[in-house]
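Following: one structure in structure tokens, then a few remarks.
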Amino acid sequence: MLTTFLAVAVFASCDLIDGTGVENPNLSLDGAKQLPNPATAFVNGLQEELATMANNCITTQELATDNYVNVQSFFNQNVDVGTYRDIDTDFRNCQFSIGTLREQAEYTLTEVVPIDPNAQGAALEAEAHFFKGIANLWSGEIFTALPDDAIAPAVGPETHFNTAVADFTAALAIDSDNVGYLLARARVNYNLGNQAAAVSDANAAIAADASGDYVRYILFDAVNGPTNTLQNAVHDRGNFDDLQPLPRLDFLDPKFFDIDGTTDSDIPLLKIEEAHLILAEAELADGDLPGAQTAMTNVVTLASSRATSTVDDANESRNGDGTVAQRPNDGTYTVRASASDPFVAGLVIERTTTVETPSISATSVEAADVAALATNEEALTMLYLLRQEIFFGEGRRMSDLGIRWPVAEREARINPNILASDRTATIPAYLPTIVEFDAFTINGTEVTIQHNLNRTIAIGRGNRF
């Protein structure tokens, strides 16, 4: 299809791969630019490349956290045990996909939009700025450092985030009330610790979201591709059980599944819950616990109202014996986040028949739990639990933990500007040994997680603002 060709053609034009020298005059960038309304095809290509980027990043991101553990060999076996080497092909594929999306978006803005009158100053131009911003946002969230252009020096997350702010600001200059653009800029400012700017964009997004339930998805195509790789990992491979959730997150899995044989689940990219979570953290930064409780209650209410899906998950072979490949499998189990936390019922669900799981957001936190908070530390711990549950399966947890991947070894081979420090992972000292992220014990029907990482983040890193 044309969008697939555009992805390859623009990627090759950026010196990231070596072409074969074979030319097809019917398939060229110049030919594509001669199509009626060419920006439409190029922006569609950006949407497709976003899905490819998600496939190359999100599954391994989830494995790098306490959300999931890999119990088979089909997906990344290294990050679960804390092996972060620059030769890891998953890191490389994620990095290069991010670079491809950025370069495609830049090409669309500099070469295609100027020749398409229907795109200039309109939605298509705004979308190109948006996709470029997403590439820069993910660069900052996922990697210790990355080049921001072909054969350029690697720059740190702050540089990528500031570029993303400019990208989303350019999109908003065209479409000032776009909820997704506002949420994206709020997310970047949250990463930068820019409290006033993040709060302003969060409030603006809530005000612009007339329905109060905004979601923008990463779109997959089960027939023509790209298909959803994470869906394959958590559901479609059935009794291989490649990815198993932490027992206290069992009720959220599988969030993504084969819908009808020709339809894959889409992954939320941006949703309005993010705005409420940012407001809550800002209130905690200001020492306003009641204000934070109001914002947290709002997000609990919203997440609890989101739709669920009926999923046939009978192939999951969790039988409750606590071995690495098999997990608690029915509602008689209670789970606690650590040995110093209380046991909670209802977190583990029966897998021998169909299950109801969230497709957008869900949380185990209830309004009464929020109302009972007494200290900022308790509130921040609960806020990170909300973030973990609400963004489950969306590649967000790794950034909250503070983990970032190294620049790929292959990049260093072709780019003389890459430093040794760029090729080193970022793993905060406040985290326990990574292999312990997924550890738990079972005593009868009581499950105890070894580490409450939400409390670890709250104490070790504290507030983002």
Problem set entry | Given (1) among the small types (Gly, Ala, Ser); (2) touching a residue at least 60 places away in the same chain (Cβ under 8 Å); (3) over 24 Å from residue 91 (Cα atoms), index of the condition residue 372 fails | (2)
For this session: With respect to residue 441, determine if the residue is over 19 Å from the mean Cα position of the chain (by Cα) and over 26 Å from residue 277 (Cβ atoms).
Result: yes
Seminar exercise, completed: Note on residue 329: of the conditions (1) farther than 30 Å from residue 130 by Cα; (2) surrounded by fewer than 21 Cβ atoms within 10 Å (Cβ to Cβ); (3) at pLDDT 95 or above, unmet is (3)
Seminar exercise, completed: Taking region 352-387 and keeping residues part of a loop (DSSP other than H, G, I, E, B), surrounded by fewer than 22 Cβ atoms within 10 Å (Cβ to Cβ) and either at pLDDT below 95 or of a type in the set (S, T, N, Q) (or both) leaves 352, 353, 359, 364, 375
For this session: Search region 152-170 for residues that are part of a helix (DSSP H, G or I) and pair each with any residue that is among the hydroxyl-bearing types (Ser, Thr, Tyr) when their beta-carbon atoms are under 6 Å apart and the residues are at least 6 apart or on different chains.
Result: 160/139; 168/181
Problem set entry | Hits in region 231-276 (condition: in contact with a helix residue (DSSP H, G or I) (Cβ under 6 Å, 6 or more places away or on another chain), aliphatic (A, V, I, L, M) and over 22 Å from residue 50 (Cα atoms)) | 243, 275
Problem set entry | Tabulated pairs, region 108-123, first free of Cβ contacts under 8 Å to residues at least 40 places away in the same chain and closer than 17 Å to residue 45 by Cβ, second buried (at least 21 other Cβ atoms within 10 Å of the Cβ) and among the basic types (Lys, Arg), C-beta under 9 angstrom, 6+ apart or interchain | 109/132
For this session: For residues that are surrounded by fewer than 15 Cβ atoms within 10 Å (Cβ to Cβ) and more than 20 Å from residue 160 (Cα to Cα), tally how many sit in region 193-216.
Result: 4
For this session: Out of 459, 434, 449, 418, report the one residue that is touching a residue at least 12 places away in the same chain (Cβ under 8 Å), among the hydrophobic types (A, V, I, L, M, F, W, C) and in contact with a Lys or Arg (Cβ under 8 Å, 6 or more places away or on another chain).
Result: 449
Exercise. Taking region 60-83 as the region of interest, how many residues are of a type in the set (S, T, N, Q) and at pLDDT below 95?
Worked result: 7
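The values are calculated or read from the model by the stated rules, or taken from the named source; none is laboratory data. The model shown is predicted, which means the values in this text are computed figures rather than measured ones. Cβ coordinates were reconstructed from backbone atoms using ideal geometry, including for glycine residues, and neighbour counts include every protein chain displayed.
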